[in-house]
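Report on the structure given below.
The values are calculated or read from the model by the stated rules, or taken from the named source; none is laboratory data. Just so it is clear, the model here is predicted, and its values are computed rather than measured. As a convention, Cβ positions derive from the backbone with ideal geometry for all residues, glycine included, and neighbour counts pool all protein chains shown. All accessible areas refer to the heavy atoms of the entire protein, side chains included, with ligands and DNA or RNA removed. Shrake-Rupley method; radii C 1.70, N 1.55, O 1.52, S 1.80 Å.
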Amino acid sequence: MTDRELQALDVLDDVGQKLLFTEARTANTFAAKAVYDHELAMIWELARWSPSAANSQPLRALFVRTREGKERLVRHLDEGNRAKTLSAPAVAVLAYDVDFHEQMPTVFPARGDVLRAAFAHQAETRQNLAAYSSALQTGVFLLAVRAVGLAAGPMAGFDKAGVDEEFFADTSWRSHLVVNIGHPGADPWFPRLPRVPTEDAVAWA
């Protein structure tokens, strides 16, 4: 390959930038078109490469695809979120694992045993780190949904304790976001809202 060809591989082209960023939107309606398990698996395969503190990877995902599963979920959602969740072909309940440290020997082989031992009796520290790192990973998860040609509708309006009891009882998973996934339906987008002006958001040193 020439230097020019290598450089082209390192830069996301205009189509990709529009797909993931500048023309991407939060979907509020979904078409009656199936989302298949292999597509959900592709989303996770991309999302799991996201950054996290000490490569801790606390993000976890429950994919809800059945009507029964969605009915169990929507009873814990804010009323305004229920209908669109029932209509979405698939829903991801994103959670973080407060016992992520048990995986440290796998995900950080050089220091895994030391890190697992260090975190073992620091429940509050693990909670804070898991919440922060899973938020980083969640942003990448939403990009992964877009990258496989689907639309995402993330929602924070739900009873987290209720969802945890419903789906994650007796586990170390704690829910933090619900994401509807599918193909956009009729009038799926709200009007595009403004961005913070660059001069107010970026500083140079």
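List of remarks:
- Residue in region 147-156 that is farther than 18 Å from PRO51 by Cβ and part of a helix (DSSP H, G or I) present: no
- ARG65 touching a residue at least 24 places away in the same chain (Cβ under 8 Å), touching an Asp or Glu at 6+ places or on another chain (Cβ under 6 Å) and either open to solvent by less than 30 Å² (accessible area, probe 1.4 Å) or among the charged types (D, E, K, R) (or both): no
- Residue identified as under 29 Å from GLY185 (Cα atoms), out of contact with any His (no Cβ under 7 Å at 6 or more places or on another chain) and open to solvent by 10 Å² or more (accessible area, probe 1.4 Å) among LEU129, LEU143: LEU143
- The set of residues from region 158-185 being within 14 Å of HIS76 (Cβ to Cβ) and more than 15 Å from the chain's Cα centre (by Cα) comprises PHE158, ASP159, LYS160, ALA161, GLY162, VAL163, ASP164, GLU165, GLU166, PHE167, PHE168, ALA169.
- All positions within region 88-107 that are surrounded by fewer than 16 Cβ atoms within 10 Å (Cβ to Cβ) and of a type in the set (Ser, Thr, Tyr): THR106
- Condition check for ASP78: touching a residue at least 12 places away in the same chain (Cβ under 8 Å), over 14 Å from the mean Cα position of the chain (by Cα) and surrounded by fewer than 18 Cβ atoms within 10 Å (Cβ to Cβ): yes
- Of all residues in region 7-31 being in contact with a helix residue (DSSP H, G or I) (Cβ under 8 Å, 6 or more places away or on another chain) and in a loop (DSSP other than H, G, I, E, B), the one that is farthest from LYS84 (Cα to Cα): LEU12
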